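> Below is a structure I'd like to ask you about.
The values are calculated or read from the model by the stated rules, or taken from the named source; none is laboratory data. It should be emphasised that the depicted structure is a prediction, and the values quoted were computed from it without experimental measurement. Because the Cβ atoms are built from the backbone with ideal geometry, glycine has one as well, and the counts that use them run over all protein chains shown. Accessible surface is based on the protein model in full, side chains and every heavy atom, while ligands, DNA and RNA are left aside. Shrake-Rupley method; radii C 1.70, N 1.55, O 1.52, S 1.80 Å.
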Amino acid sequence: MSNVAVVGTQWGDEGKGKIIDLLTENADIVARYQGGNNAGHTVIINDNEFTLHLIPSGILHKGKKCIIGNGVVINPKALLEEIAELEDKEISVNENNLYISKSAHVTMPYHIVSETLKEERDRGRIGTTLRGIGPTYVDKAARMGIRMCDLIDSDIFRAKLEENLEQINVLFEKIYGVKGFQVSEIFDEYSKYVEKLAPFVSDTVFMLNKAIDKGVSVLFEGAQGALLDVDHGTYPYVTSSNSTSGGICTGLGVGPTKVDSIIGVVKAYTTRVGEGPFPTELKGELGDKLRNAGPIGEYGRSTGRPRRCGWFDGVIAGYSAMLNGLSSLAITRLDILDDLDEINVCVAYEYNDQRLEEFPYRSDILQQCKPIYEKLPGWMESTVDIREYSKLPKNAQKYLNRLSELMNVPIAIVSVGPQRSQTIFVEKNL
Ligand code: GDP
Ligand code: IMO
Ligand code: MG
């Protein structure tokens, strides 16, 4: 019995959903610790495709408990839509399999509108998902946020909403030059959501810690990726939460000694959605080829935006392994590289005529870094039906071993397609 974390190691969309779904088999509880409905985690089960945004991917397994932790920000409307979509696909979501933290902050309509106005005014400066994630975390840090426990108490909710709108409406009217919000409208709309969501709201911190003390296995589900972490990523082109493994402790209220191992999900190449530096980005035909290869192309699961694609970047991946304290790797989408005769791997950057092997922190510097590539031979063979590491083409094994070496972390899983079965377990005891 152990408590395992699954985190993204690049700029998100590494295939966390698939890996979490696979590992849920061994867990009793699956717990999300940060982010909101900016996340889009895909799980493919035969002909059924599920995209989870707020609900842990473990929900697809019967008998597992799912927790949305205090570190997550919740848009109640989006959450109810997600529940309805799952119910439509005959996945039951009820008070016995979904638990929402009392202290999780709530995304309000003004968070979404203010973000949209800001991004429009600054011409998509960050390229956010426009889900109001940043502004919700801003209110949390400013100590004016509305939490789930406030929302379910109508007197407290109304009082907090009144107080907030007094300030927020000034901003909308004076700075953005648009009409503000009315307390009654938001109150009435959100009260309808409360009716449906209140039964899910509980004290998840005590629940989780008591379960861990009893020996129950927990799977910690990360969203986004290390380079989108608000402290450690390509600031300001980041999300507004701690997506690295450090976020597990604050986002769920568990101590670091309770996390037994951390699996980093790594795409066999690199993608990014939204603005920000991306040294190994491929802008031409090759980028398009990576985007459109395989059964599911590289398009955002939340917003449908095309993902920017590029070669594997060993500098950011090594940095991410360090930040997360990774125990092992799950390398995904290897099959996408199946028909390339040569594959580049970035091993360092060139900046101001100097070789740089460490992540430079400043996005303006990273923007000017030129990747230094090592060329590896491709394998020009399909890997989608391979289930054992030793049966992978020799060049594919060499490629994977090089990624593992650059990150200084052993490989536990290799994924060669979106289906559950398209998986090679290198480490059997996860
Ligand atoms: P997440 O946000 O990290 O959960 O990743 P997304 O779900 O946004 O994007 C990953 C995409 O790759 C999804 O469409 C998955 O179904 C798909 N996927 C996962 N693993 C593999 C793989 O090994 N090969 C291929 N071709 N697709 C995969
Ligand atoms: P999953 O969990 C990829 C990106 C956005 C934008 C930046 C800030 O599916 O891996 P935000 O709306 O969070 O304020 O946007 O972060 N972003 C993601 N990119 N995968 C995600 O989640 C992302 N969540 C946010 O595109 O660049
Ligand atoms: Mg995603």
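> Specify the inter-centroid distance of the stretch 1-60 and the stretch 123-163, based on alpha-carbon positions, in whole Å.
After rounding, the separation between the Cα centres reads 25 Å.
> Obtain the nm distance between the two label points defined at residue 158 and residue 258 by a simple spin-label model: each point lies 7 Å from its Cα along the Cα-to-C-beta direction.
3.7 nm
> For the chain, which whole-number percentage of the solvent-accessible area (1.4 Å probe, protein heavy atoms only) is attributable to carbon and sulfur atoms?
48 percent
> OK, next. I need the shape label for the stretch 364-430. Rule: rounded when a/c is under 1.5, else prolate if a/b > b/c, else oblate, with a, b, c from the alpha carbon gyration tensor.
It is prolate, given that a/c is not under 1.5 and a/b is the larger ratio.
> Per 0.36 nm of contour for each residue apart, how much would the distance between residue 342 and residue 96 grow if the chain were fully extended, relative to their Cα-Cα spacing?
83.5 nm
> Once you have the Cα-Cα distance between residue 173 and residue 143, take 0.36 nm times their residue separation minus that, and quote the gain in nm to one decimal.
Result for the pair: 8.6 nm of gain on full extension.
> Working out 0.36 nm times the residue gap between residue 381 and residue 192, then minus their Cα-Cα distance, what length gain in nm do you get to one decimal?
Additional length available on full extension: 62.6 nm.
> For a Förster distance of 30 Å, can you work out the FRET efficiency between the beta-carbons of residue 285 and residue 235, rounded to the nearest 0.05?
Efficiency, rounded to the nearest 0.05: 0.40.
> Can I ask one more? Run the helix sum for the chain: -39,500 (n - 2.57) per DSSP H stretch of 4+ residues, divided by residue count, reported at 222 nm to the nearest 500 deg cm²/dmol.
So the calculated ellipticity at 222 nm is -9500 deg cm²/dmol.
> Something else about it: What is the packing order of peptides 28-41, 339-352, 86-99, taking the mean over residues of other C-beta atoms within 10 Å and listing the highest first?
Top of the packing list down: 28-41, 339-352, 86-99.
> Applying the Karplus parametrisation 6.51 cos²θ - 1.76 cosθ + 1.60 with θ = phi - 60° to the phi angles of the stretch 280-296, what ³J(HN,Hα) value in whole Hz is obtained for each residue in order, glycine and proline being reported as x?
9, 4, 10, 8, x, 4, 5, x, 5, 5, 4, 5, 9, 6, x, x, 10
> Also, quick follow-up: Round to the nearest 10 and give me the degree value, 0 to 90, for the angle of helix 109-121's Cα axis relative to the longest principal axis of the chain.
50 degrees
> Could you state the angle between the C-alpha long axis of helix 394-407 and the longest principal axis of the C-alpha atoms of the chain, as a value from 0 to 90 degrees rounded to the nearest 10?
50 degrees
> Could I ask something else about it? Taking a spot 7 Å from the Cα of residue 250 along the direction of its beta carbon, which residues of the stretch 205-230 have an amide N less than 17 Å from it?
Flagged as within label range: 222-230.
> Normalised by the residues of the stretch 105-200, what does the relative contact order come to in percent, with Cα pairs under 8 Å and at least six apart?
Relative contact order here is 25 percent.
> Under a point-charge model restricted to the Cβ atoms of Lys and Arg (+1) and Asp and Glu (-1), what is the dipole moment magnitude of the chain relative to its Cα centre, in debye to the nearest 20?
It comes to approximately 400 debye.
> Please report, in debye to the nearest 20, how large the charge dipole of the stretch 89-206 is about its Cα centre when each Lys and Arg carries +1 at its beta carbon and each Asp and Glu carries -1 there.
Its charge dipole is roughly 460 debye.
> Got the relative contact order for the stretch 272-430 handy, in percent, Cα pairs under 8 Å and 6 or more residues apart?
25 percent
> Given R₀ = 41 Å, what would the calculated FRET efficiency be for residue 428 paired with residue 89, taking r from the Cβ atoms and rounding to 0.05?
0.85
> Quick check: Cα centre of the stretch 215-280 to Cα centre of the stretch 378-430, how many Å?
Their Cα centres are 22 Å away from one another.
> Moving to a separate point now. Measuring with a 1.4 Å probe in the full set of protein chains, what accessible area per residue, in whole Å², belongs to the chain?
With the other protein chains kept in place, the chain gives 43 Å² per residue.
> OK, next. Give the angle, between 0 and 90 degrees and rounded to the nearest 10, that separates the Cα long axis of helix 204-213 from the longest principal axis of the Cα atoms of the chain.
Between helix and principal axis, roughly 50 degrees.
> Looking at the chain, send over the antiparallel percent of its DSSP beta bridges, to the nearest 5.
40 percent
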